[in-house]
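Working notes, structure below.
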Amino acid sequence: MSKPKSDAVIAVVNSSEDTVEMLRECFVQNGFTSVVTAHIHDFKTGEDDFPKFLSRHDPAVIVYDVSIPYDKNWTFLRLLLDSESMHGRKVVLTTTNKQRLEELVGPTDAFEIVGKPYDLEMIVGAVKASIGQA
């Protein structure tokens, strides 16, 4: 049985090349036909411009990873979320250590990724719910 197709653009923004590719492939396998990727480092260094990335791709959902150092990357995420280009956009947060992240920043809705299929199914489910396909 094939997965239903979705034309919604999903943006995977992460600091790990392997995780970017794992998530991209997971979304494609789950019927998302338009998955764009970016690396957090490129936004931090100015190699890429986050508002322009959003304008270029107009993602329905952004899957954004909060990596170590959690406090600095959480602060960077907060800056991005406060930008005008993010208003009204849906975000699904991921991290590899939810407990440590929450020790530093308080409770979050982040999904912990340890590379198991169940983790990925939860993230796909959260993305589908964000765009009304759950």
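What the table shows:
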{"item": "Some residue of the stretch 91-111 being modelled with pLDDT under 90, in contact with a Lys or Arg (Cβ under 7 Å, 6 or more places away or on another chain) and of a type in the set (Asp, Glu)", "result": "no"}
{"item": "Any hit, the stretch 64-86, residues being in contact (Cβ under 8 Å) with a residue 40 or more places away in the chain, open to solvent by less than 20 Å² (accessible area, probe 1.4 Å), closer than 18 Å to SER16 by Cα and among the aliphatic types (A, V, I, L, M)", "result": "yes"}
{"item": "Pairs where the first residue, in the stretch 15-42, is of a type in the set (A, V, I, L, M, F, W, C) and the second is assigned to a helix (DSSP H, G or I), C-beta under 7 Å, 6+ apart", "result": "CYS26/LEU120; CYS26/VAL124; PHE27/VAL124; VAL35/ARG24; VAL35/PHE27; VAL35/VAL28; VAL36/HIS57; ALA38/PHE53"}
{"item": "The stretch 4-18: number of residues that are in a loop (DSSP other than H, G, I, E, B), farther than 21 Å from LEU93 by Cβ and in contact with a strand residue (DSSP E or B) (Cβ under 9 Å, 6 or more places away or on another chain)", "result": "1"}
{"item": "Of all residues in the stretch 1-53 being closer than 18 Å to LYS128 by Cα and open to solvent by 80 Å² or more (accessible area, probe 1.4 Å), the one that is modelled with the lowest pLDDT", "result": "SER2"}
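The values are calculated or read from the model by the stated rules, or taken from the named source; none is laboratory data. Being a predicted model, the structure only gives us computed values, none of them experimental. Heads up, the Cβs are rebuilt from the backbone with ideal geometry, glycines too, and the neighbour counts pull from every protein chain shown. The protein model used for the area step is the full one, side chains on, heavy atoms only, and it has no ligands, DNA or RNA in it. Shrake-Rupley method; radii C 1.70, N 1.55, O 1.52, S 1.80 Å.
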